[in-house]
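The values are calculated or read from the model by the stated rules, or taken from the named source; none is laboratory data. Treat the numbers as computed from the prediction; the structure is a model and nothing was measured. Positions of Cβ are generated from backbone atoms using ideal geometry, with glycine treated the same way; all protein chains shown enter the neighbour counts.
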There are 4 protein chains.
Amino acid sequence: MNKNRLEAFSDGVLAIIITIMVLEFKVPSDTTFEAVIKLSHKFLSYILSFIYVGIYWNNHHHLIHSAKNVNGKILWANLHLLFWLSLIPFATAWIGEHHFASFPMMLYGIVLLMNALAYFILQKLILNDQGKDSALSKAIGKDYKGKASVVLYLIAVFMTKYSIEVSGSIYILVALIWLIPDRRIERTFNENK
Amino acid sequence: MNKNRLEAFSDGVLAIIITIMVLEFKVPSDTTFEAVIKLSHKFLSYILSFIYVGIYWNNHHHLIHSAKNVNGKILWANLHLLFWLSLIPFATAWIGEHHFASFPMMLYGIVLLMNALAYFILQKLILNDQGKDSALSKAIGKDYKGKASVVLYLIAVFMTKYSIEVSGSIYILVALIWLIPDRRIERTFNENK
Amino acid sequence: MNKNRLEAFSDGVLAIIITIMVLEFKVPSDTTFEAVIKLSHKFLSYILSFIYVGIYWNNHHHLIHSAKNVNGKILWANLHLLFWLSLIPFATAWIGEHHFASFPMMLYGIVLLMNALAYFILQKLILNDQGKDSALSKAIGKDYKGKASVVLYLIAVFMTKYSIEVSGSIYILVALIWLIPDRRIERTFNENK
Amino acid sequence: MNKNRLEAFSDGVLAIIITIMVLEFKVPSDTTFEAVIKLSHKFLSYILSFIYVGIYWNNHHHLIHSAKNVNGKILWANLHLLFWLSLIPFATAWIGEHHFASFPMMLYGIVLLMNALAYFILQKLILNDQGKDSALSKAIGKDYKGKASVVLYLIAVFMTKYSIEVSGSIYILVALIWLIPDRRIERTFNENK
């Protein structure tokens with residue numbers, strides 16, 4: 001019961017976050033092909049952030065699904081995660097508006113990093129509640145993916161000063177790590193345990 | 001369970017998409033009848049897009065309802081559909097703001113086309129999961145409506161260069177195909193199988 | 001199942017409609033008491049529309065709750081109602097921004113009227129589906145409240161040309177009719193049948 | 001059933017309220033570190049209001065969860081609470097935009113006060129419905145926290161004329177009272193009964 005409403009509220013917030021990013025696409029003042037081309041940076045940043053929020057929604061779903069019950073700490077760790085997720089539209093708009101300029105790209109990386117940490121905290125609290133032998137604990141394993149993401153974000157944030165191409169590639173890479181080979185990698189990780 | 005949350009999240013996103021289009025109706029600076037008349041293009045484009053999102057919500061509902069279970073692929077195909085649906089408010093605002101100008105009308109058609117393709121992919125993945133003899137498979141049949149929509153969208157997109165009246169009529173026609181005679185046509189399709 | 005998702009989607013749209021009205025409260029450029037006073041017309045129109053959307057949510061809830069099943073017609077009548085409800089924020093912003101000027105007040109009344117008619121259609125379709133002896137049919141009775149609302153809206157719309165005080169009072173009156181004495185009047189109506 | 005839809009609707013409104021505050025973070029026109037620093041007031045006010053809405057969502061959840069059934073009065077008391085909660089984004093934007101200026105800080109406090117009173121009314125109505133010996137009644141006890149909050153808000157509102165530091169500290173203090181030591185204090189309160 002408790003858990004259902006946590007899911008429903010999180011779904012609501014995530015649905016709004018993923019959709020308000022689209023409000024950044026202001027209607028162009030002219031009606032040419034160039035007007036659309038000018039939006040290409042915003043469009044690319046929107047796609048990337050859409051995928052990130054999608055990944056979080058997906059993982060969040062599995063995480064909460066596996067939680068037996070929800071206590072006050074988990075509830076606030078969840079709100080903490082939603083807080084950082086809610087900053088993604090702002091960071092996305094900033095990098096899109098200013099064509100992936102160095103400092104906005106750094107902030108974008110910091111927001112992604114904080115999201116990863118907030119997710120890690122939430123995961124930790126749910127794991128603590130369940131014990132080491134739970135199915136969730138085994139599925140997550142040593143959480144190489146989560147740890148690798150944090151390291152990659154840190155590198156990307158540092159690299160924004162020197163090359164936004166490298167930083168941007170890392171943001172895309174982390175998304176792909178979570179998006180595409182999900183199961184295979186997870187299985188490999190589990191075997192490496 | 002999994003399925004319910006997919007529905008809930010999709011409902012949330014669809015509810016936001018259908019409602020934020022209304023934010024394009026900026027409060028007129030005067031209080032005359034003419035001020036409302038000036039909004040007529042936006043109003044017409046809003047009605048059309050409202051109906052389109054309504055149709056997608058309706059069909060999406062039936063589609064997910066008939067799905068037995070939801071795997072990772074279906075989940076991402078669903079997010080892919082939501083992505084293209086989320087661009088409808090932008091395309092709607094553009095054609096409304098610029099009185100159905102040629103290029104925005106083309107983009108509107110491309111967005112509708114991408115939505116149709118995204119829906120087709122989602123449908124395909126759910127059908128693959130269910131087998132050829134499922135009730136869903138029989139209900140969809142050869143999917144003449146889906147295929148006809150894609151062809152009509154392509155014609156409309158091409159025609160925007162020559163006549164926005166023709167393109168606009170096709171957009172309305174496709175909506176009517178899905179909206180009005182739903183059952184009768186479906187039965188005919190089923191008999192033609 | 002079907003019904004639940006109709007409710008969930010309608011709840012989502014209603015929740016957004018009731019909340020986006022608040023986006024009209026633009027942050028004042030100064031920090032004085034007068035800045036808040038200038039918002040008073042917007043505030044009053046927001047309160048009235050908040051109550052109206054609240055009434056619709058409440059009645060919609062009872063109506064759908066009593067529906068046995070949901071067919072295609074009911075689904076589209078529901079979307080039709082949501083369409084007119086979605087115009088309330090625009091009409092509210094217009095009357096608030098322009099201090100209840102005559103023409104915006106007329107449009108506000110027309111939107112309320114269309115909502116009443118859309119609700120009437122939805123109610124009719126659900127009643128048709130249930131038969132005359134259903135509990136819902138008895139609860140609604142001869143629907144004096146619904147019919148009186150339509151007549152009052154028509155008078156208010158006509159009166160905007162001559163006195164926005166009269167029109168405004170009628171809008172408030174109709175809200176009070178639905179808001180305050182709900183049960184007592186309903187019982188009286190039932191006895192008058 | 002009734003209760004579930006009240007929860008779902010409230011969740012929807014709360015999810016939107018907590019998320020639209022983020023729309024106040026307008027994309028800066030430059031891409032410097034200073035641009036982010038300029039947003040710091042908005043960021044601080046966002047954090048505080050995010051926590052407040054989180055607290056209300058949390059408490060609202062427990063309150064409605066413990067309610068046996070929902071009548072018309074409870075339903076409208078709930079809408080009344082949602083109304084005042086919906087003003088939090090406006091008040092938050094005002095204090096953030098104008099760097100915690102005196103009068104906006106007063107209005108922020110008044111909005112928090114009205115929320116506390118609206119919550120108190122909702123709680124009272126649910127308690128009346130349940131009887132004095134209910135679990136909810138015992139859990140709330142003499143509601144020292146609720147009463148202390150109201151007194152603290154009143155002091156803070158009064159103090160905005162003299163020191164926004166004091167008022168701001170009180171707003172943070174009340175949030176902490178509800179946020180951090182929830183259970184311990186509640187137990188103490190229960191023992192003091």
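Descriptive notes on the structure:
- Among residues of region A:60-78, those that are under 19 Å from A:M114 (Cα atoms), of a type outside the set (G, A, S) and away from chain B (no Cβ under 11 Å), counted: 6
- Here the condition is being facing chain B (nearest Cβ under 9 Å), under 21 Å from C:A15 (Cα atoms) and either of a type in the set (D, E) or in contact with a Gly (Cβ under 9 Å, 6 or more places away or on another chain) (or both); of C:L87, C:L48, C:L82, it holds for C:L82 alone.
Yes/no matrix, rows are residues, columns are (1) within 23 Å of A:I16 (Cα to Cα); (2) within 16 Å of the chain's Cα centre (by Cα); (3) not in a helix (DSSP H, G or I):
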{"residue": "B:K3", "(1), (2), (3)": "yes, no, no"}
{"residue": "B:K26", "(1), (2), (3)": "yes, no, yes"}
{"residue": "B:S29", "(1), (2), (3)": "no, no, yes"}
{"residue": "B:A35", "(1), (2), (3)": "no, no, no"}
{"residue": "B:H41", "(1), (2), (3)": "no, no, no"}
{"residue": "B:H65", "(1), (2), (3)": "no, no, no"}
{"residue": "B:N69", "(1), (2), (3)": "no, no, yes"}
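- Failed item in (1) under 23 Å from A:S163 (Cα atoms); (2) in contact with a Gly (Cβ under 9 Å, 6 or more places away or on another chain), with A:L75 passing the rest: (1)
- Residue list for region B:7-34, restricted to those being hydroxyl-bearing (S, T, Y) and either at the interface with chain C (Cβ under 8 Å from one of its Cβ atoms) or farther than 30 Å from B:L75 by Cα (or both): B:T19, B:S29, B:T31, B:T32
- Those residues of region A:1-50 which are exposed (fewer than 15 other Cβ atoms within 10 Å of the Cβ), touching a helix residue (DSSP H, G or I) at 6+ places or on another chain (Cβ under 7 Å) and charged (D, E, K, R), in sequence order: A:K3
- Selection count where residues are assigned to a helix (DSSP H, G or I) and out of contact with any Gly (no Cβ under 7 Å at 6 or more places or on another chain), scope region A:138-163: 16
- If you go through region C:90-122 and keep only what is in contact (Cβ under 8 Å) with a residue 40 or more places away in the chain, under 14 Å from the mean Cα position of the chain (by Cα), surrounded by fewer than 20 Cβ atoms within 10 Å (Cβ to Cβ) and within 13 Å of chain B (Cβ to nearest Cβ), you end up with just C:I110.
- Pairs where the first residue, in region D:30-42, is under 16 Å from A:S102 (Cα atoms) and the second is assigned to a helix (DSSP H, G or I) and hydrophobic (A, V, I, L, M, F, W, C), C-beta under 7 Å, 6+ apart: D:T31/A:F103; D:T32/A:F103; D:F33/A:F103; D:V36/A:L107
- Filtered residue count, region B:1-29, keeping only those that are under 14 Å from B:H60 (Cβ atoms), β-branched (V, I, T) and touching a residue at least 40 places away in the same chain (Cβ under 8 Å): 2
- Residues that are hydrophobic (A, V, I, L, M, F, W, C) and within 15 Å of A:Y46 (Cβ to Cβ) within region A:86-104 comprise A:I88, A:F90, A:A91, A:A93, A:W94, A:I95, A:F100, listed in sequence order.
- Test: residue in region C:95-103 that is of a type in the set (D, E, K, R), out of contact with any strand residue (DSSP E or B) (no Cβ under 6 Å at 6 or more places or on another chain) and in a loop (DSSP other than H, G, I, E, B): no
- Condition met for D:L112 (under 28 Å from D:G12 (Cα atoms), assigned to a helix (DSSP H, G or I) and modelled with pLDDT under 95): no
- Residue count, region A:12-44 (criterion: more than 30 Å from B:K161 (Cβ to Cβ) and in contact with a Gly (Cβ under 6 Å, 6 or more places away or on another chain)): 2
- Residues in region B:5-24 that are over 19 Å from D:T19 (Cβ atoms) and among the charged types (D, E, K, R): B:E7, B:E24.
- Of the residues making up region D:71-81, just one is out of contact with any Leu (no Cβ under 8 Å at 6 or more places or on another chain) and hydrophobic (A, V, I, L, M, F, W, C), namely D:L79.
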